[in-house]
Every structure is written in C-alpha cells, then in structure tokens.
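For reference, the structure discussed in these notes is given below.
Taken together, the values in this text are just the output of simple stated rules run on the coordinates, not laboratory data. The structure presented is a predicted model; accordingly, all values stated were derived computationally and were not measured. Every residue, glycine as well, gets a Cβ built from its backbone with ideal geometry; the counts of neighbours run over all protein chains shown.
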Amino acid sequence: MTTARVRLRQVDAEDVAELERAISDPAVMAPFEWYGWRDRHRLRREWERDGLMSDERGALMAEGDDGPLCMVSWTRVPTSPAAFCWRIAGLSLPAARGRGYAAETLGLLVRYLFDCSPVHRIEAAVEVGNIASQRVCEKMGFVQEGLLRGYTFRAGQWRDCLMFSILRPEAADTAGEPAVAATTAG
C-alpha cells in the first residue's frame, strides 16, 4: 500500500538491525518510548521466527524515497468471545519525525488492517503528554474515547494515556491521500 511519499512493506533484516540500534538508544527513543534497556535481540528472534507477522500481531515498515521512516505494529485485543480489535503502535525513526510521515503511515496501516481482517475497531493508547501522536490520531479520524489512568510505566512514574479509536465505517475517509485509492506495491 502506498501514498505519494510512503510505502508500507514487510520488515526485512536491515530494518531489524536499524530498529535494534534505535530501541537501545535512549536519545532516539526519548521522550515517550524509552522504557529502559531490554533484550535487544528479541525483535530479531521474533523476525526470524515469523517475519513479525502472525494471527495475534504484526509489524510493517513504512519507507520513503530516502529509506525507512517508521515501524508500525498491531496486537490482537479480544473484545468478546467472538470478536477482537487491533491495538496499534508506531515508532518513527529520528529522520522522519516532524515531516508528516506518521499521519500518512497511520492512514495506510488503518486501510491495510480493515482491508485484510474482519475487525470493526482499531485503537491506540497515547501517553497524555505525547501531543504529536494525539494530533496524528485526530488527523486520521480517530476519536478520543477516554483517559486510561496509570496505564504505562516510564521514567520512574505511572503515566496516563488517552484511548483513541476508529471504526470501520469511519475509516473510509481517513487515509491522508485517499486510502481507498491506495495501491498494493510489490
């Protein structure tokens, strides 16, 4: 799936190496994604096992003309015994921040998930202080639903998050450059 500036594709070995470097660097992950040092090679093991794609979760890389921009991921969240929604997240690489790529990427991801799975709802939990991510969600048609108190632990404190969601009927108008016109790239 593509827009004029962004193409979604599967994560490859070079992406995994770049992401491993990024998640190990507090300066790259700050201020909202640094949770301390973790198993740096977990991502590689998961990629080697299943390419970061399964029925329970997935990840794709967004790239532009100059290379990788951000990784977006989704996780299955049961909503009833017979249904589920996707919880999405994203990690923009430093060179891509503040240039509008996150909104285009989110629009493509929403279109992909609604096109390729029967879900009715996609949601995102965004830390209260992360104004840029809140704006991206709102720009792409996500609705702020409420406050998740003490939802995530970072930098020695429990932090509140805002829950955003978009439903399938709402997504028809939201993919930046019309998602409906997005093409499948090989």
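Side notes on the structure shown:
- Computed [θ] at 222 nm, helices only, for the chain once each DSSP H run of length n ≥ 4 contributes -39500 (n - 2.57): -7500 deg cm²/dmol
- Length gained when the stretch Val128-Ala83 is fully extended (0.36 nm per residue, less Cα-Cα span): 13.4 nm
- The chain shape via C-alpha gyration tensor axes, a/c threshold 1.5: rounded
- Positive dipole terminus of the chain, leading residue within Pro81, Gly58, Ala102 (C-beta point charges): Pro81
- Look at the dipole of region 7-181 built from charges on Cβ: of Leu147, Ser165, Leu43, the Cα furthest out on the positive end belongs to Leu147.
- Across the chain, Cα pairs under 8 Å and at least six residues apart give a relative contact order of 22 percent.
- Size of charge dipole - region 74-148 - debye, nearest 20, with Cβ of Lys, Arg +1 and Asp, Glu -1, no other charges: 140
- Placing R0 at 35 angstrom, the Cβ-Cβ distance between Asp12 and Leu147 gives a FRET efficiency of 0.40 after rounding to 0.05.
- Counting only Cβ charges, +1 for Lys and Arg and -1 for Asp and Glu, the dipole size of the chain around its Cα centre is about 400 debye.
- Relative exposure of Cys70, Cys85, judged by other C-beta atoms within 10 Å (fewest first): Cys85, Cys70
- Per-pair calculated FRET efficiency, R0 = 41 Å: Asp65 and Glu170 via Cβ, rounded to 0.05: 0.85
- The residues Val16, Val136, when put in order of fewest to most other Cβ atoms within 10 Å, stand as Val16, Val136.
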